[in-house]
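Below: the structure, in structure tokens.
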Amino acid sequence: MTDARTLPHDVDAEMSALGAALISPNAANQVFTHLSADHFFRPQHKLIFRAIVDVYRRGEPVEVLSVRAHLAKMKKLTEAGGDMYLNDLSAHVLTAANVGYYIGRVHELGTKAIAIEELTRIASQGYHESVTSDEMLVATEDALTRFRALATSDEEQIEGFSTMGSFVDESEEQHDWLVPGVLERMDRVIVVASEGSGKTTWARQCAVMIAAGLHPFDQMKRIPPVRTLYIDLENPPPLVRRKARQLVDQGRRINGWDDDRCWRWTRPGGIDLRKPHDQHLVERVIAESRCEAVFMGPLYKAFTEGGGEKAEQVNGSVARILDTFRARYGIALWLETHAPLEQQGQRSLRPMGSGVWLRWPEFGLALRRPKGEGKTVVVERFRGDRDERAWPHKLKYGSPWPWEAIYDDGVPVEEARH
């Protein structure tokens, strides 16, 4: 059965808003700023609004005569109601003082009408067998993005927007540390290494240690515990369980440990962050774990390439999705990925795939295993740090935690205390 209900609208508010625009330059500016033609229900009001916008943009005074002339030039005057209707609009309000109310009314009802029409169109597509559920989800997300823009008032203050002078004059904020001196909220870290270099172990260890309230590079230093989420996109759950058991057992020996602060999600088949279904799953585990730092890898298993798209486009869209999660939940992101295969006897320690990942993180770390030093890896950079942080210079196999941090003096932090 077809729903014959009329879309939300208020003809009197539409007439009042347009009438105010025809008698007041300030009202015309407000109508032009806060509304679009799609907000109006009556077809003639859409035409008159577009004429007002065109006249305003040309720098001419918005009034009955100028709008009438423009409509006549476009051969739309009769369709818009003619001379008499324009005169009726200008006489519909005695003053433009209440234009804000009329604009708000038209904006609210018009946005609801747009949403109803668009979602009805998307729903009707679902009856066509050729349309996939992913295509419907993408269309729905696009529609939601448009609705958010329509529903936002231009008078709303834009967060983070000011003159540079007033910005630097504000009092200095403290770092929002997750790990003092190392990891700040919303940081992006990529760790690249060849297979078997220990990057995955390092990620797991850091996730468990900071959840236990231990500094990951100084096992004797307590820090405020951090809620963490470890996402393994490659290894089977039994393997992850065996590797993680030692770490969690060690964490449980720390006074104040809480299982609820350290979460994992294992997806050995990988995911595709460009698909709405997988985006939703990632967002769910972030939201339900209430994490503050996400450790995920390997990066190449977080999406699939194909369809003729260039690698830069594919990787760029994945980076934007990750940034959306980062901004929405205020999380730090620690991603691990493989180095490209060896070429001409050399193996480049840079992220495999697109150059997007060379530019994306604040910190691009590379683990290199020196020849003849089987128990040590050097922490290098594949890009310059964007801020000063106390990353270790080397990692050395140790106990009870798998990796010990070593700084320039060559002594692990734990040994230096004694």
Inset, instruction - Taking CYS262 as the residue in question, decide whether it is out of contact with any helix residue (DSSP H, G or I) (no Cβ under 7 Å at 6 or more places or on another chain), at pLDDT 90 or above and buried (at least 20 other Cβ atoms within 10 Å of the Cβ). - result: no
Inset, instruction - Can you confirm whether the range 353-372 contains a residue that is surrounded by fewer than 18 Cβ atoms within 10 Å (Cβ to Cβ), out of contact with any helix residue (DSSP H, G or I) (no Cβ under 7 Å at 6 or more places or on another chain) and at pLDDT below 75? - result: yes
Legend entry - Selection within the range 66-121 - outside any helix (DSSP H, G or I), surrounded by fewer than 14 Cβ atoms within 10 Å (Cβ to Cβ) and not basic (Lys, Arg): THR78, GLU79, LEU94, THR95, ALA97
Legend entry - the range 1-22, subset over 21 Å from ALA115 (Cα atoms) and over 37 Å from the mean Cα position of the chain (by Cα), residue surrounded by the most Cβ atoms within 10 Å (Cβ to Cβ): ALA21
Legend entry - Residue list for the range 212-226, filter: farther than 20 Å from VAL379 by Cβ and modelled with pLDDT under 95: MET220
Inset, instruction - Go through the residues of the range 23-35 one by one and say whether even a single one is buried (at least 19 other Cβ atoms within 10 Å of the Cβ), touching a residue at least 40 places away in the same chain (Cβ under 8 Å) and either among the aromatic types (Phe, Trp, Tyr) or over 13 Å from ILE103 (Cα atoms) (or both). - result: yes
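The values are calculated or read from the model by the stated rules, or taken from the named source; none is laboratory data. Nothing here was measured: the structure is a model prediction, and the numbers come from that model. Cβ: placed from backbone, ideal geometry, glycine included. Neighbour counts: every protein chain shown.
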